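Undergrad: The structure's right below; bear with me while I get my questions together.
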Amino acid sequence: MDASGSESELERARRRAEEQALVAAAARGSVPAFEQLYRGHVGRVYGLCLRMTADPATAEDCTQEAFLQAWRSLARFEGRSGVATWLHRIAVNAVLGRARRQTERLGVDGSVEDEMAEVLEDTSTGDDGAARDLERAIAALPPGARHVLVLSGVYGYTHEETAGMLGIAVGTCKAQLHRARRLLEARLGAEEEA
């Protein structure tokens, strides 16, 4: 890192080359290489899944599912995007697939939002900090708005990348992000007044 704290171009290139070598080795069946990839990315993948699902157990399941799918798909990884972007896409698909399966299982009467509301009502953690309030507010968003906010607003993906990951139009992505921000503002404002 240079004096300003940012990573140098040389360091980024070195990391990319190391990661590409790990991907190539893992694609040939090297478990230790895949384990290094896993260790390097599991925290961010879990964080993405947790923010999208609002449930630690479900996030763990989705993270595991994402890495299993990544292992199975390594031979098809073309390297057009970074490994982190590729893993995030797989994780998003794992979360969305699980939500679809759960919706099918619950039927029209039940919803994922109902289950999230129960999780949010559990105040046994005692954490009343601003970060916890924000996480709870994000978790309470409708799924479409939450998914777009997490990918675009938290992880910094462009509208085009986010729309591609979620299988929606770019205009829908922009509208959902606007909606999410509006809902968060209202919710956090209401909590401050209480």
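Undergrad: Looking at (1) at pLDDT 90 or above; (2) surrounded by 12 or more Cβ atoms within 10 Å (Cβ to Cβ), find the lone condition where ARG72 falls short.
TA: Result: ARG72 passes all but (2).
Undergrad: Right, another one. Here are HIS88, HIS41: which of them is within 15 Å of the chain's Cα centre (by Cα), at pLDDT 95 or above and not assigned by TED's automatic domain parsing to the domain that holds GLU161?
TA: HIS41
The values are calculated or read from the model by the stated rules, or taken from the named source; none is laboratory data. Fair warning: this is a prediction, and the values are worked out from it, not measured in the lab. Cβ: placed from backbone, ideal geometry, glycine included. Neighbour counts: every protein chain shown.
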